[in-house]
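*Asks:* I'd like to ask you about the structure that follows.
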Amino acid sequence: MMLCYHACMTTGGIEYFPQPDDWTDGLLHELGYRRYAVSVFDHWLTEEEWELNPFIAFERARAAGFEAVYREQCCQFRAFYQWLFKEGVFRLTGLRTRRQVVWHDRWDRRLKKAVTAMVSDQRWGAEFYAPAEHLRVISGDVRTDTLLLEDNADEKALENVANKFGLNFIR
């Protein structure tokens, strides 16, 4: 692994971001992943819940008078990721046709900016790989991100960390 004292492009790391044609649980299992999620919600929202929930988007939260709560949720997610990425993280960048990887050996300005954009729903589809946690993160919408745990990831420890920051670990 390349050691840098700041974020740097690296020639290694792209192998942590396989892009299967089909994201079914069966194929993810073949790739060595178990799929979970981290969310402000304690379950997967139904379509009806999604339609009625004020926290789906910032504009909805603000219109319902919940802007402060929405921003607090962003802080919870950011603190969660800051903890997860404390030992370094690969971040997928670039276009779909020309993907690149950046290694962050610490919580630097560029990583903070990328995570902040992700958790405040300014950017969807951000991807990270935290080697120390054996965990791949794919940002989602509806205040819920996908966690792909490798076989040697500590599921219970990750759930405890999510709970520590006021988030839910969805199986």
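The values are calculated or read from the model by the stated rules, or taken from the named source; none is laboratory data. Since the model is a prediction, treat every value here as computed from it, not as a measurement. Just so you know, the surface numbers come from the protein's heavy atoms only, side chains and all, with ligands and any DNA or RNA stripped out. Shrake-Rupley method; radii C 1.70, N 1.55, O 1.52, S 1.80 Å.
*Asks:* How big is D, in µm² s⁻¹, for the chain by Stokes-Einstein at 20 °C and 1.002 mPa s if Rh is the Kirkwood radius over C-alpha pairs?
*Replies:* Using the Kirkwood radius from Cα pairs, D works out to 129 µm²/s.
*Asks:* Using θ = phi - 60° and the Karplus curve 6.51 cos²θ - 1.76 cosθ + 1.60, what whole-Hz ³J(HN,Hα) does each residue of segment 55-68 get, with Gly and Pro shown as x?
*Replies:* 9, 5, 8, 4, 4, 5, 4, 5, 4, 8, x, 10, 4, 5
*Asks:* Here is a further query. Might you tell me the accessible area per residue for the chain, computed with a 1.4 Å probe and given in Å²?
*Replies:* Accessible surface, normalised per residue, equals 56 Å².
*Asks:* Could you run the Karplus curve 6.51 cos²θ - 1.76 cosθ + 1.60 with θ = phi - 60° over segment 114-125 and give me ³J(HN,Hα) per residue in whole Hz, x for Gly and Pro?
*Replies:* 5, 5, 4, 4, 5, 6, 9, 6, 8, 8, 9, x
*Asks:* Check cross-link reach from Lys113 to the aspartates and glutamates: straight Cα distance under 16 Å, and skip same-chain residues fewer than eight apart.
*Replies:* Cα-Cα hits under 16 Å: Asp105, Asp121, Glu127.
*Asks:* Expressed in nm to one decimal, what extension gain is obtained for the pair Trp44 and Ala57 from 0.36 nm per residue of sequence separation less their Cα-Cα distance?
*Replies:* 3.1 nm
*Asks:* For Thr93, enumerate residues with amide H under 5 Å from its amide H, sequence gap 5+ or separate chain, H modeled in the peptide plane.
*Replies:* So Thr93 has HN proximity to Gln100, Val101, Val102.
*Asks:* Just reorder Asp42, Asp145 by solvent-accessible area, largest first, 1.4 Å probe, all chains present.
*Replies:* Largest accessible area first, the list is Asp42, Asp145.
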